[in-house]
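The structure under discussion appears below in the form of structure tokens.
The values are calculated or read from the model by the stated rules, or taken from the named source; none is laboratory data. All values derive from a computational prediction rather than experimental measurement. Ideal geometry is used to build each Cβ from the backbone, glycine not excepted, and the neighbour counts take in all protein chains shown.
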Amino acid sequence: MGFGDTLKALADKERRDILELLKSGKMSAGEIASHFDMSNATISYHLSVLKKADLIFEEKEKNFIYYELNTTVLEEVLLWIKNLKGEN
């Protein structure tokens, strides 16, 4: 996944809010949805975009799918910004 897709995924406030929620640990889609006033289909769409951008991991446990923050991609974006600014 390229930076363009990552930055596009981060451009949406709801997706950034989902990432903020996942800072505290993995959550199911239902747990994530309980924090928002939007349909399950919309939450699923946002999770799909975040997953496609490699910003979150998906892990299946029994009948549930849990989502977890992928900090590696965020670290790469921060490193790129730091290098762009000329910081070492």
*asked:* Would you confirm, using the coordinates I've provided, whether PHE36 is in contact (Cβ under 8 Å) with a residue 60 or more places away in the chain and either crowded, with 17+ Cβ neighbours inside 10 Å or more than 11 Å from the chain's Cα centre (by Cα) (or both)?
replied: no
*Among (1) surrounded by fewer than 11 Cβ atoms within 10 Å (Cβ to Cβ); (2) within 15 Å of the chain's Cα centre (by Cα); (3) more than 18 Å from SER24 (Cα to Cα) - the single one HIS46 does not satisfy*: (1)
*touching a Lys or Arg at 6+ places or on another chain (Cβ under 6 Å), at pLDDT 95 or above and not in a strand (DSSP E or B) - does that describe any residue in the stretch 38-48?*
yes
_Conditions first: (1) part of a strand (DSSP E or B); (2) within 10 Å of the chain's Cα centre (by Cα); (3) not hydrophobic (A, V, I, L, M, F, W, C). GLU58 passes all but one, so which condition is the exception?_
(2)
_Test set (1) within 12 Å of the chain's Cα centre (by Cα); (2) part of a helix (DSSP H, G or I) - TYR67 fails condition number_ = (2)
_Just to be sure I understand, how many residues within the stretch 4-25 are surrounded by 13 or more Cβ atoms within 10 Å (Cβ to Cβ) and more than 11 Å from the chain's Cα centre (by Cα)?_
2
_the stretch 16-46, residues that are under 20 Å from GLU76 (Cα atoms) and among the aliphatic types (A, V, I, L, M)_ = ILE18, LEU19, LEU22
*Only residues that are touching a strand residue (DSSP E or B) at 6+ places or on another chain (Cβ under 7 Å) and touching a residue at least 24 places away in the same chain (Cβ under 8 Å): list them for the stretch 6-22, please.*
LEU19, LEU22
